[in-house]
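Here it is, the structure, as structure tokens.
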Amino acid sequence: MPAFSGIPALVSRAGAATVLTAATVTASMLLPGVSGEAQAATPGQTALKVAASKQGSPYEYGAAGPNRFDCSGLTLYSFKKAGKSLPRTAADQYNTTRHISAGSRQLGDLVFFHSGSDVYHVGIYAGEGKIWHSPKPGASVRLEKIWNSGVWYGRVS
């Protein structure tokens, strides 16, 4: 008789929920990175989704949504929807974030463009070297490749 002959009876007594739980636990032990529980999105990831949902919204200097944005208005609006507050300007946003290296950047981190020590533009990191931002008058919120290697990164905590 095979060693596993008692499993059908055990399954019927234990119930399907227990079997599914056991399978999930076993899979998470055998496959690192697989979890039976969904991980909560970070505020940055939530803000990234909000910014992406505003694709096509027109740029307007000084606007912070919900239908028109300048660059820091888009980040302010997106993080507010994620439950975090930011100051109004790109420079002030840089000054209130935790500064991180390019190698440590994650989805939803802020990307700051600067000239010397002056921050003049901000977007939300979307992965693969791209940001969601509201670029300039006559343009609209869009996903775009980071065009400058001299950028700074900040994380909203």
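For every residue, the table says whether it meets (1) of a type in the set (Gly, Ala, Ser); (2) farther than 20 Å from Arg68 by Cβ.
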residue	(1), (2)
Ala90	yes, no
His99	no, yes
Leu107	no, yes
Ser115	yes, yes
Asp118	no, yes
His121	no, no
Asn148	no, yes
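Report, by residue number, each residue of the stretch 95-111 that is open to solvent by less than 10 Å² (accessible area, probe 1.4 Å) and among the hydrophobic types (A, V, I, L, M, F, W, C).
Result: Leu110, Val111.
Let me ask something else about it. Just for the stretch 57-84: of the residues that are assigned to a loop (DSSP other than H, G, I, E, B) and either of a type in the set (Phe, Trp, Tyr) or open to solvent by 50 Å² or more (accessible area, probe 1.4 Å) (or both), which one is nearest to Tyr153 (Cα to Cα)?
Looking at the filtered set, the residue picked out is Lys84.
State all residues of the stretch 35-56 that are on the phi < 0 side of the Ramachandran plot, touching a residue at least 24 places away in the same chain (Cβ under 8 Å) and open to solvent by 30 Å² or more (accessible area, probe 1.4 Å); if no residue qualifies, say none.
Thr42, Pro43, Gln45, Thr46, Ala52, Lys54, Gln55, listed by residue number.
So, Ser117, is that one farther than 15 Å from Val50 by Cβ and hydroxyl-bearing (Ser, Thr, Tyr) or not?
Answer is yes for this residue.
Oh, and also: Hey, does the stretch 122-139 have a residue that's over 16 Å from the mean Cα position of the chain (by Cα), surrounded by 12 or more Cβ atoms within 10 Å (Cβ to Cβ), part of a strand (DSSP E or B) and touching a residue at least 24 places away in the same chain (Cβ under 8 Å)?
There is no residue in the stretch 122-139 that is over 16 Å from the mean Cα position of the chain (by Cα), surrounded by 12 or more Cβ atoms within 10 Å (Cβ to Cβ), part of a strand (DSSP E or B) and touching a residue at least 24 places away in the same chain (Cβ under 8 Å).
The values are calculated or read from the model by the stated rules, or taken from the named source; none is laboratory data. In this text, all values refer to a predicted model and were calculated from it rather than measured experimentally. Glycine also receives a Cβ, built like all others from the backbone with ideal geometry; neighbour counts cover every protein chain displayed. Only protein heavy atoms, including side chains, enter the accessible area calculation; ligands, DNA and RNA are left aside. Shrake-Rupley method; radii C 1.70, N 1.55, O 1.52, S 1.80 Å.
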